[in-house]
Structure formats: structure tokens, C-alpha cells
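Beneath this line is the structure, given in C-alpha cells, with notes to follow.
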Amino acid sequence: MKRLVVVVNDLERSGKSSVSRAVYHHLASECEIKSFLVTSDENNLDEDYDGEYWDLDESLSVGQVIGLLEENDAVIFDVHTGGARNWAEFCEETEFDNVLAEVGAEMTLVIPNTGGVRCNEEIIDIAELFSDSADYLIAHLGIDQRDQVKWKGSDAEKATRYLGSIDVEFPSISEELATAIKNTDYDFSVALGKGAELPRFAEVQIAQWLEEVSNRLDSANEYILADGSELALEF
């Protein structure tokens with residue numbers, strides 16, 4: 001069974017790229033699953049980006065997606081802010097859930113949750129857009145300190161729990177980690193992919209954070225791991 005892991009939340013600065021990098025690290029480095037990172041955000045593209053770009057506005061095809069799934073056991077797709085509906089339209093127009101079923105693949109939506117009212121509203125919208133066409137993993141980041149709301153019992157929690165979601169609490173960013181990132185030339189999500197290129201202190205702090213994320217994602221492996229079976233069809 002192949003796995004397409006789609007990280008999506010139309011709320012700006014909700015941690016999508018950081019979560020994508022963390023899930024990619026967990027699958028590729030910790031679980032040793034052949035994985036590939038994809039983005040639809042042109043802002044993520046630079047000479048050091050080690051993944052692929054998918055254009056949700058114009059040129060994305062089913063064959064392009066399936067091609068990467070043929071070559072990898074898991075593909076992690078970082079959907080740009082405002083792209084949730086584009087991806088939902090692509091899935092609807094191509095009957096993508098049926099395509100995935102035919103090729104022996106599944107889709108998981110990983111939704112970062114910053115803990116605010118607007119974020120809960122976005123999560124409800126995503127649940128309505130995709131319904132039961134995917135598995136759901138809610139990645140709780142708790143970074144919106146201005147507008148915190150309870151998750152348990154909220155409409156967003158009820159909507160995703162009805163669809164069989166699983167919750168993962170991501171570790172907070174410690175003062176030491178924040179200081180380490182501040183002293184680099186990168187923002188947090190980019191620094192996650194730099195490893196040994198960073199100053200030693202930053203490298204150690206990021207490695208420790210990624211290790212803790214991986215430990216917590218272990219509880220959700222059923223939702224994001226693939227068993228490496230061959231695809232049934234070719235496109």
C-alpha cells in the first residue's frame with residue numbers, strides 16, 4: 001500500500017511546511033521508508049529544495065502524482081495556503097479516490113492545528129471538502145497564543161473524529177531551539193532540512209526536536225506509513 005500524505009490548512013503561517021518536513025524526516029530517516037517531498041508553494045523553491053513542485057492552478061495531472069507514487073512508498077505533499085480547494089477540485093474532477101484505490105494507494109490529510117478559532121474553522125472546511133475520501137491526522141502545534149480555544153468537544157474535533165481522525169501533539173519550540181534558529185539564516189521550516197549545514201548548536205537542537213516529533217508520530221504510523229507494495233496500474 002502506497003501512501004500520499006497531504007499537509008493542508010488554508011490558514012496562513014499554520015506550520016504546514018514545518019509539519020511536512022517533520023513527517024518527511026520521520027518516514028524517510030526514522031522509518032526508512034522511501035519517501036519524496038513535494039510542494040505547491042513557489043516560495044519554498046530555491047536551489048536547495050530537495051523535492052518537486054506541483055502546480056495546482058494549471059498543469060498537475062493524475063499521471064504526475066501516480067508517477068511519484070510508483071517510484072516511492074510515500075509522497076508528502078505540502079499544499080500552499082489557499083490551495084485546499086484547488087486540491088479538492090483536482091480530486092473531485094479526476095475521481096482521485098477511485099484512482100488511488102485502483103493502484104493500491106491511500107491518502108492521508110495531515111492538518112496542522114494552531115489552536116485558534118480561525119484554525120478550527122479551516123479544519124471544519126477541510127473536513128467538508130474531503131469528507132471520507134481520506135484519512136485524517138490532526139497535528140496539534142498550539143502556536144496561536146492570542147486566540148486559544150479548546151479542541152476537545154469543539155465542532156472541528158467532532159467533525160474530524162466522525163471521519164476517524166487521529167491526534168498527534170507536536171512538541172513545542174523550546175527557548176533553546178528558538179535561539180538556535182534565530183542565529184541561522186533560515187526560517188524554521190527550511191532549517192529542518194539543512195541538518196549538518198547548520199551551526200552545531202542549531203543542528204543538535206533541530207535533531208532533538210525532530211526525534212521527539214518522530215516519537216510522537218509513531219502512534220500514527222497506521223495513517224502515514226506504507227508497506228511498499230507495488231502499484232497495480234501504470235499511467
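Every number here is computed from the coordinates shown, using simple stated rules; none is lab data. In this text the structure is predicted, and so the values were computed from the model without any measurement. When we count neighbours, we look across all protein chains shown, and the Cβ atoms used for this are built from the backbone with ideal geometry, even at glycine.
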(request) Quick one: work out Rg over Rh on the C-alpha atoms of the chain, Rh as Kirkwood radius. (result) 0.95
(request) Give, as ranges by residue number, the residues of segment 7-44 whose backbone N falls under 14 Å from the point 7 Å along Cα→Cβ of E52. (result) 35-40
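At 0.36 nm per residue, minus the direct Cα-Cα distance, what do E71 and S29 gain on full extension? Give it in nm, one decimal, please.
Numbers: separation 42, 0.36 × 42 = 15.12 nm, distance 1.72 nm.
Once the chain is fully extended between E71 and S29, it gains 13.4 nm.
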(message) Expected output is a single nm value to one decimal: the length gained when fully extending between E89 and D185, i.e. 0.36 nm times separation in residues minus the C-alpha distance. What is it?
(response) 30.9 nm
(request) Take every Cα-Cα pair in segment 3-110 and report what % of them are more than 20 Å apart. (result) 35
(message) Between N215 and Q148, what's the calculated FRET efficiency when r is the beta-carbon distance and R0 is 22 Å? Round to 0.05.
(response) 0.35
(message) For the chain, what does the helix formula give at 222 nm: sum of -39500 (n - 2.57) over DSSP H segments with n ≥ 4, over the residue count, nearest 500 deg cm²/dmol?
(response) -11500 deg cm²/dmol
(request) Principal axes first, then extents: for the Cα atoms of segment 100-235, list largest minus smallest coordinate on each axis, whole Å, largest first. (result) 46, 41, 25
(request) Identify all aspartates and glutamates with a Cα-Cα distance to K150 below 16 Å; exclude those on the same chain that are fewer than 8 residues away in sequence. (result) E121, E122, D167, E169
(request) Order the peptides 161-171, 119-129 from the highest to the lowest mean number of other Cβ atoms within 10 Å of their residues. (result) 119-129, 161-171
(request) Just list whichever of K16/K182; K2/K194; K152/K194 have alpha carbons separated by over 30 Å in the model shown. (result) K152/K194
(message) Students often check this: by mean Cβ neighbours within 10 Å, which of 70-76, 9-15 ranks highest, and how do the rest follow?
(response) 70-76, 9-15
